[in-house]
1. If you bin the C-alpha pair distances of region 2-94 every 10 Å from 0, what whole percents do you get?
2. Using label points projected 7 Å from each Cα along Cα→Cβ, tell me how many nm separate residue 50 and residue 31, to one decimal.
């Protein structure tokens, strides 16, 4: 499934660990706290469980948004697209 993984985490150490885990599991960074990728549902669940153990539940937030290909193709962008150096060709072709 295609997912957006977005977070707002105040502490550096858990934020770094979670971003590294997101990349390890196959997501691509499209902004500093926004990741996108195609993953199995079990992988998405693994990332959420991993993240939950690291964050402060009173201050931090994490969102996982599943998105179908049809809706992904309807995305409109104003301004700069995500940093191409942070994404691979697979993700870039999704925008075409």
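1. Spelled out per bin, shortest first, that is 15, 50, 29, 6.
2. If labels sit at residue 50 and residue 31, their model points lie 2.3 nm apart.
None of the figures in this text is laboratory data; all of them are computed from the coordinates on show. The structure displayed is predicted, hence computed values, not measured ones. When we count neighbours, we look across all protein chains shown, and the Cβ atoms used for this are built from the backbone with ideal geometry, even at glycine.
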